[in-house]
Every structure is written in structure tokens, then in C-alpha cells.
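The values are calculated or read from the model by the stated rules, or taken from the named source; none is laboratory data. Predicted, not measured: the structure shown is a model, and the values here were computed from it. A quick note on method: Cβ atoms are made from the backbone with ideal geometry, for glycine too, and the neighbour counts reach across all protein chains shown. Keep in mind that these areas ignore ligands, DNA and RNA; they rest on the heavy atoms of the full protein, side chains included. Shrake-Rupley method; radii C 1.70, N 1.55, O 1.52, S 1.80 Å.
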Amino acid sequence: MDSAFDHVTLKKGTLLFAEGDPGTSAYLIRSGRIEIFVMRNGQAAVLANRTTGEIVGEMAIIDQRPRSAHARTATDCDLVLIKADQIANRIKQADPILQMYLNVVLSRYRETIAKLGNANGSTSLEAAPRIERFDTAIGTLSVESDLRRAIRSRELELYFQPIVNLQSGRLCGFESLLRWNHPVRGLIPPDDFIPIAEASGLIVDITSRCFEEIGRTFPEIMLAALRNIKSVDMLFLTVNISGHDLASDSFLHSLRSMLSTSGISASDIKLEITESVLLNDPKKAADTLKACREMGVGIAIDDFGTGYSSLSQLGTLPMTSIKIDQSFVRSMRNNPTSRRIIDMILRLAEEMEVSVVAEGIEYVEEEAILTKLGCEYGQGFYFGKPLPLHQTLDVCRNWVARGHLDQPATPRIARAI
Ligand code: C2E
Ligand code: CA
Ligand code: CA
């Protein structure tokens, strides 16, 4: 019953859990009916019936107390399993007042059940609220379970996208970007699974595995770059980090252990963050970032200029660089305001002594404008798309640096890869 899979089919009359059991799972009913009952004087007193679209067993996993009643299938049932930590993590992130409120409501509910259980005969509670967006809930839960499996079977892989010194044309770093090589669905982009990984807390495990992978692969990338010192600088690597990472106790440990076992210098690693990292636990996030800076690790503000990254954080985050969001670069050619905003960000960065990377450069004209404006670094499909390790090694070996004046209209890689 307690399998790692989310869908469970049960025959009529199966006991799902008994009063006093620890609550390890809740069950979303896809079809069928479940009876909640207590045993009093050797008799089963039915408290409630739950049907399609309702949840059973949710209380024990919310307040971590033993089950207060038995549950059995009254018909054949198709259920979706919700594991305790899938809920616990979401509750931990909820507003403290909401958590308190939830606990009060649960206590009252348990008291009512106890009273009903003491009464003689069969009785029933009011119908539980149905899951309105049933399909969405099942979809999210299935991706989440699939992602757990994917982490274990190492289906997540880092790709690397070049970052270029615009003034010299030399390759100077990479951004690491996750991909999910799904056995059935093919290559899944991060926007389809990172938000679910963040909501479920799985992101912490994923980031720690990213660090392990970086420890294994980045020295290899640096070695390939050393064979092409004419066109490649000492490389840095940027890693995308979420608020849950910074709030977790294991984050600094996995970063430190990656640096010490791989021999990668702390100053070669930059963490890319957005303002949203401060949403969960601002104090812990700020402390973690401070510790990273003290180690020598760089901090880049990602998507700068958009809703998630704004001027308000310039004074609060210990940053070493800014990444101008691709929306400005995209509109720059036709919109003089975007160009003025970029110019303003560049002057601000100079004042604050932080470097600037312009993201999403796709055309030679965009590169030319940014170079002329004095932007130090650029990244985008014009220079190269994110690629897996073996192709990244080719990029390092074959990169050709040129000054922007004789910039060719094709990517700066000597031969096609
Ligand atoms: P991001 O950090 O802003 O990453 C840049 C995104 O822009 C990447 O999308 C990249 O492939 C894409 N991009 C780069 N150059 C161009 C260009 O010239 N044109 C266009 N149209 N797109 C360009 P990707 O790889 O799909 O990643 C999407 C987002 O997923 C990332 O946005 C980041 O927020 C998140 N992400 C990716 N990898 C990780 C990770 O390892 N951890 C975490 N926490 N988030 C990640
Ligand atoms: Ca990024
Ligand atoms: Ca970005």
C-alpha cells in the first residue's frame, strides 16, 4: 500500500488505516467511496463517507497526531496517494497565523469526532469540501512523485550556456541550467518542473545534486578551456538558487563540500538569485548569502529590472553582479526607453562596482549596441544555446574571440557543433 507511486487501486472492504496509526499519507479519491468509522463497544460507527474529489486521512498528516478513526473502502476505489512531506513542506511555508488557524480548526474537528464516536449508533459528519481543481491537483502531485523518482534515477542533467566578455569577445563563463531527460516525455524544460520542485521542497535536494554534478564536471570544462587560452579567460560558473535553498540548513554544507572535494575556487562560482529568495525566510536567506560572500562565492541578481528583481534590493543583497533581464535586450532595438534603462543600469552598476551581464542576446545588432553602451558581459542564443557537457567541452576548445568591430554575423564557435 505504501508504495512510492501516487495511484493506488483498492478492492471494496480494504482497511486504509486504523485508529491510532501514525499518519504517513492522505488519499485523494479519484473514484469510489470510503467510509470513516470508529469502533465502539465492538460496533463500527460510521462517521462520514467520502467520494470522488474528496480527501481522506488529511488530519493526521497536518497535525502529526495518530489517526482518530478507521477508514475502509466501501466500494472498489482508485486513489492518489499524498505523502506526509508533500503537505508538511507546504504547511511549513504557510503564513504562521494560517498554521495556527489550521491547528485550531483541526483540534475542534477532532473533538467533534471523539464526541460522535462516543455516541451510540451510526452518525455522519458534514460533507468534506471537494477538490475544485481536481485535475490540477492530480497533475501537480503526479509530476511531484515523478520528480522524486527522476532525482533518484539521475534523469536531471545540467546544461551550460556561454557567457562572453563583450569587449574582448572571449569566452569567460557559463550559466548552468537544468534539464529533465524524461524517459517518456523527452527533454522537459526547467519552467515545467522547477516551480513544482520549489513548492514541494524537492528543490533543496535537486540543488545539492547540482552542486555534486558541478564538482564533477566544471573542472573538466576548465581543463578544456585551458587548451584554448588564446580565446578563453579563466572561467566562472553561475548556478540558479531558490529561496528554499537559502533557507535550508544543508545548503552551505553542500556548497562547501563541493568546493573542497573538487578544488574549484569559491570565486569561480556565482549564485544567481532573484528578489523572491527573500520571500520565505528573509533573515536566514540574508545570513546564508552573507556566509557565501565571506567564502568568496559571487552573488548575481537575476532578471534585473523585472518584478522579481528591482532597485529596492540593491541595498539589501550582497551582490557582485547584475543580470539585465532579456525583455530589455529584446525590446532594445525598437524601443529607445529600453535602451535608456539599460544605460541607467550600467551606470548604476558602475557606481556600485558590480559587473553586468546582458541576457538573451540573439542578434548581432543587440550585441553591437550593448558593447557600445559599455556592457561587460553578454549571454544569449547569438553566442550559443545551453548544451550538455560533451558539447560544452567542444565550445571551450573551439571558441574564437574577436573584437566587436570585426564581429561576424554567426556565433563565435570555430566549427559547427
Ligand atoms: P533564467 O535563470 O533567467 O535562465 C535564462 C533562461 O533564458 C534559460 O531558459 C535560457 O535557456 C534562456 N535563454 C538564454 N539565452 C536566450 C536567448 O537568447 N533567447 C531566449 N529566448 N532565451 C534565452 P531555461 O534553461 O529554460 O531556464 C528557465 C528558468 O528556469 C531559468 O531562468 C531559471 O529561473 C530556472 N532554472 C533553470 N535551471 C535551474 C536550476 O538549476 N535551479 C533553479 N533553481 N532554477 C533553474
Ligand atoms: Ca539565471
Ligand atoms: Ca535570467
Once normalised by the length of segment 138-406, the mean sequence separation of its alpha carbon contacts under 8 Å that are 6 or more apart gives a contact order in percent of 24 percent
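State in Å² the accessible area per residue of the chain; use a 1.4 Å probe, count heavy atoms of protein chains only, and round to the nearest integer.
Solvent-accessible surface per residue comes out at 48 Å².
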Label S260 and T24 with points 7 Å out from Cα along Cα→Cβ: what is the distance between them in nm? 3.5 nm
I need the phi-derived Karplus couplings for segment 371-388: 6.51 cos²θ - 1.76 cosθ + 1.60, θ = phi - 60°, integer Hz, Gly and Pro marked x. 5, 5, 6, x, 5, 6, 10, x, 8, x, 4, 4, 8, x, 7, x, 9, x
Interchain or sequence-distant (5+) residues whose placed amide H lies within less than 5 Å of the amide H of L166 are Y377, G378
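Scan the chain and report its longest stretch carrying no trypsin sites (Lys or Arg not before Pro) that are both in a DSSP loop and have at most 15 other Cβ atoms within 10 Å. Kindly include the intermediate steps, with their values, before the conclusion.
On the way: sites that count: K11, K12, R130, R133, R154, R185, R227, K230, R333, R402, R415.
Longest stretch, sites excluded: 13-129.
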Modelling each spin label as a point 7 Å along the Cα-to-Cβ direction, I'd like the F381/I151 distance in nm, to one decimal. 3.2 nm
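Suppose the chain between L348 and R209 were pulled fully straight at 0.36 nm per residue; how much longer would it get relative to their current alpha carbon spacing?
Values: separation 139, 0.36 × 139 = 50.04 nm, distance 3.54 nm.
Gain on stretching L348 to R209: 46.5 nm.
With the full set of protein chains in place, find how many percent of the accessible area of segment 138-406 is carbon and sulfur; take the probe as 1.4 Å. Before the final figure, lay out each step's value.
Values: 6200 of 11560 Å².
In segment 138-406, the share of accessible area belonging to carbon and sulfur is 54 percent.
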Intensity falloff of segment 44-86 expressed as log10 I(q)/I(0), Debye formula with alpha-carbon point scatterers, at q = 0.19, 0.33 Å⁻¹: -0.69, -1.37
In degrees from 0 to 90, rounded to the nearest 10, what is the angle of the helix 202-226 Cα long axis to the longest principal axis of the chain? 20 degrees
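Which value, in nm² and rounded to one decimal, describes the direction-averaged projected area of the C-alpha convex hull of the chain?
With the hull built on Cα positions only, its mean projection is 23.3 nm².
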Any chance you could run the full-extension gain for I229 through R110? It's 0.36 nm times the residue separation minus the Cα-Cα distance, nm to one decimal. 35.9 nm
Can you list the residues, at least 5 places off or on another chain, whose amide H is less than 5 Å from the amide H of E175, using H built in the peptide plane? Q161, I163, T238
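Loop only per DSSP, at most 12 neighbouring Cβ atoms within 10 Å: give me the GluC sites (Glu not before Pro) in segment 315-353, ordered by residue number. Don't jump to the answer; show the numbers that get you there.
Working: sites: E350, E351, E353; in loops: E353.
Answer in residue order: E353.
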Fraction of antiparallel bridges per DSSP, the chain only, in percent to nearest 5: 65 percent
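Tell me what the chain gives for mean residue ellipticity at 222 nm when only DSSP H runs of n ≥ 4 count, each as -39,500 (n - 2.57), the sum divided by the residue total, rounded to 500 deg cm²/dmol.
Details: 13 runs with 165 residues, N = 417.
Rounded to the nearest 500, it is -12500 deg cm²/dmol.
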Under 5 Å, built H, 5+ apart or other chain: amide partners of D21: R67
Under the Karplus relation with 6.51, -1.76 and 1.60 and θ = phi - 60°, whole-Hz ³J(HN,Hα) for segment 242-256, x at Gly and Pro, equal 9, x, 5, 4, 5, 8, 8, 6, 8, 4, 4, 5, 5, 5, 4
So how strong a dipole does the chain carry about its Cα centre when Lys and Arg Cβ are +1 and Asp and Glu Cβ are -1, to the nearest 20 debye? 660 debye
Relative to the longest principal Cα axis of the chain, at what angle does helix 134-152 sit, 0 to 90 degrees, rounded to 10? 60 degrees
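In debye, nearest 20: dipole of segment 145-236 around its Cα centre with unit charges on the Cβ of K, R (+) and D, E (-)?
That gives segment 145-236 a dipole magnitude of about 300 debye.
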For the chain, the charge dipole (Cβ of Lys, Arg +1; Cβ of Asp, Glu -1; about the Cα centre) points to a positive end, and the Cα of S248, A300, L317 closest to that extreme belongs to S248
